[in-house]
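Chemist: Structure provided below as structure tokens; questions to follow.
The values are calculated or read from the model by the stated rules, or taken from the named source; none is laboratory data. In this text, all values refer to a predicted model and were calculated from it rather than measured experimentally. Please note: Cβ atoms are built from the backbone with ideal geometry, for glycine as well, and neighbour counts cover all protein chains shown. Ligands, DNA and RNA are excluded from the accessible area calculation, which covers all protein heavy atoms including side chains. Shrake-Rupley method; radii C 1.70, N 1.55, O 1.52, S 1.80 Å.
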Amino acid sequence: SQQGEEDPQALSIQEGENATMNCSYKTSINNLQWYRQNSGRGLVHLILIRSNEREKHSGRLRVTLDTSKKSSSLLITASRAADTASYFCATSGDSNYQLIWGAGTKLIIKP
Amino acid sequence: SQTIHQWPATLVQPVGSPLSLECTVEGTSNPNLYWYRQAAGRGLQLLFYSVGIGQISSEVPQNLSASRPQDRQFILSSKKLLLSDSGFYLCAWRVDLRGGYTFGSGTRLTVV
């Protein structure tokens, strides 16, 4: 079953601009994770943010988490053509073995 | 270093034929292993997970089965493929139940 819902479904921006993607979820979580998937490839883990954290950075990536609104955002600053990919959020509960995945945001960076 | 191998990369199989996809992990022991399927343009659907040798949990009852004959080997099988089994199959592992996954490169299965 899917819990995370990303928006927008697709996003096209110019290289150098910032890209923001959002994720909403429905139940309480232990952590929320963001992944990137290049076309036809496996997923790459980007960032994990725990439920007691509000913001996390990794290079040009910034993730925020608002547990009161059950939402998270992924910001990619100074986008590059290589950032073109689909981005997925996934939530992990306190007592289950699986992540609950959203359908993803397709990001296109125009040169 | 820890790596995950998944093969083949692409596979075209006729309806009714058997299937065997293999995934192996290196550089870690007793990983939690997962098989996911991804339909085109969609998120991931968990098919099976395993927390140890011979321990398989199925999330979606269907035409597929999984086995874990060795600690770092996870196999996805089918006795008779259906057209609806077409998709992108991903193997993944993680050390603990709340950490991030490491994914294999995936197998694109087309059933014709």
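Chemist: Across the residues of B:100-108, average count of Cβ atoms on other protein chains within 10 Å? Each step should come with its number before you reach the end.
Modeler: Numbers: counts 13, 9, 4, 7, 3, 3, 5, 1, 1.
That works out to 5 on average.
Chemist: Residues of segment B:28-44 that become at least 20 Å² less accessible with every protein chain present than in their own chain isolated, using 1.4 Å: which are they?
Modeler: So the qualifying set is B:Tyr36, B:Gln38, B:Arg42, B:Gly43, B:Leu44.
Chemist: Along the Cα→Cβ direction, 7 angstrom out, place labels at B:Val15 and B:Gln73. What is the inter-label distance in nm?
Modeler: Here the modelled spin labels are 3.3 nm apart.
Chemist: Of A:Lys69/A:Lys110; A:Lys69/A:Lys106; A:Lys26/A:Lys56, which pairs sit farther than 28 Å apart, going by alpha carbon to alpha carbon?
Modeler: Values: A:Lys69/A:Lys110 32 Å; A:Lys69/A:Lys106 23 Å; A:Lys26/A:Lys56 21 Å.
From the list (A:Lys69/A:Lys110; A:Lys69/A:Lys106; A:Lys26/A:Lys56), the Cα-Cα distance tops 28 Å for A:Lys69/A:Lys110.
Chemist: Compute the distance from the alpha-carbon center of segment B:49-112 to that of segment A:31-90, in whole Å.
Modeler: One Cα centre to the other: 25 Å.
Chemist: With the contact rule set at Cα under 8 Å and sequence spacing of 6 or more, what percent relative contact order holds for chain A?
Modeler: Values: 285 pairs, mean separation 43.4, N = 111.
Once normalised by length, the contact order is 39 percent.
Chemist: Sticking with this structure for a sec: What part of the accessible area of the protein assembly as shown, given as a whole %, is carbon or sulfur when the probe is 1.4 angstrom? Please list the in-between numbers first.
Modeler: Numbers: 5060 of 10460 Å².
Using a 1.4 Å probe with all protein chains present, the protein assembly as shown comes out at 48 percent carbon and sulfur.
Chemist: Near B:Arg42, within a Cβ-to-Cβ distance under 12 Å, what is the net charge of the other residues, with Lys and Arg +1 and Asp and Glu -1? Can you show the working numbers first?
Modeler: Working: positive: A:Lys106, B:Arg37; negative: A:Glu6.
Local charge sum for B:Arg42: +1.
Chemist: Extending each Cα 7 Å along its Cβ direction at B:Ser29 and B:Gln45, get the distance between those two points in nm, one decimal.
Modeler: 3.7
Chemist: In square angstrom, what is the accessible area per residue of segment A:5-110 with a 1.4 angstrom probe? It would help to have the intermediate numbers written out before the result.
Modeler: Numbers: 4990 Å² over 106 residues.
For segment A:5-110, the solvent-accessible area averages 47 Å² per residue.
Chemist: While we're here: Any idea what the relative contact order of chain B is, in percent, if you count C-alpha pairs under 8 Å spaced at least 6 apart? Intermediate values should be presented prior to the final figure.
Modeler: Values: 282 pairs, mean separation 39.9, N = 112.
Computed over chain B, the figure is 36 percent.
Chemist: What residue among B:Asp96, B:Asp85, B:Asp71 has the largest mean-square fluctuation in a Gaussian network model of chain B, using Cα springs under 10 Å?
Modeler: Evaluated over chain B, the most mobile residue of the options is B:Asp96.
Chemist: Evaluate peptide A:39-46: per residue, the Cβ atoms of other protein chains within 10 Å of its Cβ; return the mean as an integer. Please report the intermediate quantities before stating the final value.
Modeler: Working: counts 0, 6, 7, 15, 11, 4, 7, 1.
Average neighbour count from other chains, rounded to a whole number: 6.
Chemist: Dipole of the protein assembly as shown, Cα-centred, from +1 at each Lys and Arg C-beta and -1 at each Asp and Glu C-beta, to the nearest 20 debye?
Modeler: Numbers: 22 positive and 16 negative charges, 24 e Å.
Computed about the Cα centre, the dipole is about 120 debye.
Chemist: If you take each beta carbon of peptide B:88-95 and count the beta carbons of other chains within 10 angstrom, what is the mean? Before the final figure, lay out the partial values.
Modeler: Working: counts 4, 0, 4, 1, 4, 0, 4, 0.
Partner-chain Cβ atoms within 10 Å, mean over residues of B:88-95: 2.
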